[in-house]
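Please read the structure below before turning to the comments.
The values are calculated or read from the model by the stated rules, or taken from the named source; none is laboratory data. Because the structure is predicted, anything quoted here is derived from the model rather than measured. Cβ placement follows ideal geometry from the backbone for every residue including glycine, while neighbour counts extend to all protein chains displayed.
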Amino acid sequence: MNKLLPTSTAGSLPKPSWLAQPETLWSPWKLQGQELTDGKQDALRVALQEQQLAGLDIVSDGEQSRQHFVTTFIEHLDGVDFAKRELVRIRNRYEASVPTVVGAVSRQKPVFVDDARFLRQQTKQPIKWALPGPMTMIDTLYDGHYKSREKLAFEFAKILNQEAKELVAAGVDIIQFDEPAFNVFFDEVNDWGIAALEQAIAGLQCETAVHICYGYGIKANTDWKQTLGSEWRQYEAVFPKLKTSAIDIISLECHNSHVPMDLLELIRGKKVMVGAIDVASHSIETPEEVAATLRQALQFVDADKLYPCTNCGMAPLPRQIARGKLQALTAGADIVRRELEIS
């Protein structure tokens, strides 16, 4: 984009109450059959309008057609049994009932391509589409077949690459891979996680991003954050290798976190999506609070490489709160944009 400080969301937006239970992750759909298909498209239109009314520069589907950012993709693949579930510890911090890998994983047909094509028909704005990253996918499953996190991750990377190429053909401008697991399994990230991510982006004719956050604003995540101390330095373990990777954009959590802003020095030269909106709070930021976060980031990120966004997805938030936060994001970016233009 030519515009300075282009704004976007990191991921999900709240779903309408007629589609799914508000403020709930993994909420069952309230519709079925063709009504569900139509309802998802209606929700996508609403999510797009919310972003446009807030003034976002880069739009997304708001993940309106997905129950969850990982499992909705996985449920369309062969080799995973959703009826055979195991209780596992995911992100190394909370237990969840997850499906089991029972055979070779494969993708027989596109998962989100029709949704992306539909969104492209609704807007001429740049579109960013989020996919789960390979490491986060394997961390949201029980592997009863490969018995190797690394091997399964590379199999998923190949599948993600197939999907991503078709999304680009459908009109997507930026493919974002969500990898919250990168903030947890540091040795694996550096040994093979980034390599698996590069397998997922191989040959893509678009910009690519990796989103690494501290999770949704749910209790399991907020409780975990309370144990991390006064400085959150997890990014320090993975940024050096990410800087030399083929990924174009690194998306991270900043506002209301304890992430030292000078860690951005480790990825200087990369484009950075700076999380300037706290998704774990119902308090709506003021434009000046957003601007303050962006000014701090600009000490370490060139202005033409900084993308203001939210810390993470906002699916668990009330819709009116999410709406206010998006408006604050764009207003705060406008403040700093004017300051840069004056200077």
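For segment 211-251, the tally of residues that are among the hydrophobic types (A, V, I, L, M, F, W, C) and farther than 16 Å from residue 91 by Cβ stands at 6. Scanning for something touching a residue at least 24 places away in the same chain (Cβ under 8 Å), surrounded by fewer than 18 Cβ atoms within 10 Å (Cβ to Cβ) and assigned to a loop (DSSP other than H, G, I, E, B), does segment 40-54 turn up at least one residue? Looking through segment 40-54, none of the residues is touching a residue at least 24 places away in the same chain (Cβ under 8 Å), surrounded by fewer than 18 Cβ atoms within 10 Å (Cβ to Cβ) and assigned to a loop (DSSP other than H, G, I, E, B). Being surrounded by 17 or more Cβ atoms within 10 Å (Cβ to Cβ), more than 25 Å from residue 185 (Cβ to Cβ) and at pLDDT 95 or above, is that true of even one residue in segment 233-254? No: segment 233-254 contains no residue that is surrounded by 17 or more Cβ atoms within 10 Å (Cβ to Cβ), more than 25 Å from residue 185 (Cβ to Cβ) and at pLDDT 95 or above. Among the residues making up segment 227-256, those that are closer than 20 Å to residue 285 by Cβ and more than 17 Å from the chain's Cα centre (by Cα) are 232, 256. Within segment 306-323, if we keep just the residues that are over 20 Å from residue 127 (Cα atoms) and of a type outside the set (A, V, I, L, M), the residue that is farthest from the chain's Cα centre (by Cα) turns out to be 320. Across segment 172-214, the number of residues qualifying as surrounded by fewer than 19 Cβ atoms within 10 Å (Cβ to Cβ) and touching a Lys or Arg at 6+ places or on another chain (Cβ under 6 Å) comes to 1. Taken as a whole, the condition of being more than 22 Å from the chain's Cα centre (by Cα), more than 21 Å from residue 52 (Cβ to Cβ), at pLDDT 95 or above and surrounded by fewer than 23 Cβ atoms within 10 Å (Cβ to Cβ) does not apply to residue 341. The C-beta contact set for segment 305-331 (first residue closer than 13 Å to residue 53 by Cα and among the β-branched types (Val, Ile, Thr), second residue assigned to a helix (DSSP H, G or I) and at pLDDT 95 or above, distance under 9 angstrom, 6+ apart or interchain) comprises 330/54; 330/287; 330/290.
Is at least one residue of segment 324-332 within 18 Å of the chain's Cα centre (by Cα), under 21 Å from residue 23 (Cα atoms) and among the basic types (Lys, Arg)? Checked against the condition, which is being within 18 Å of the chain's Cα centre (by Cα), under 21 Å from residue 23 (Cα atoms) and among the basic types (Lys, Arg), segment 324-332 yields at least one hit. Within segment 15-23, at least one residue is farther than 30 Å from residue 134 by Cβ, at pLDDT below 95, surrounded by 15 or more Cβ atoms within 10 Å (Cβ to Cβ) and not aliphatic (A, V, I, L, M).
Just checking, does segment 115-133 include any residue being surrounded by fewer than 24 Cβ atoms within 10 Å (Cβ to Cβ), more than 16 Å from residue 245 (Cβ to Cβ), modelled with pLDDT of 95 or more and aromatic (Phe, Trp, Tyr)? Taking every residue of segment 115-133 in turn, at least one turns out to be surrounded by fewer than 24 Cβ atoms within 10 Å (Cβ to Cβ), more than 16 Å from residue 245 (Cβ to Cβ), modelled with pLDDT of 95 or more and aromatic (Phe, Trp, Tyr).
Taking residues in segment 208-227 that are at pLDDT 80 or above, and partners anywhere that are among the charged types (D, E, K, R) and buried (at least 23 other Cβ atoms within 10 Å of the Cβ), the pairs with Cβ atoms closer than 7 Å and at least 6 places apart or on different chains are 210/179; 211/178; 211/179; 212/179; 213/253; 214/253.
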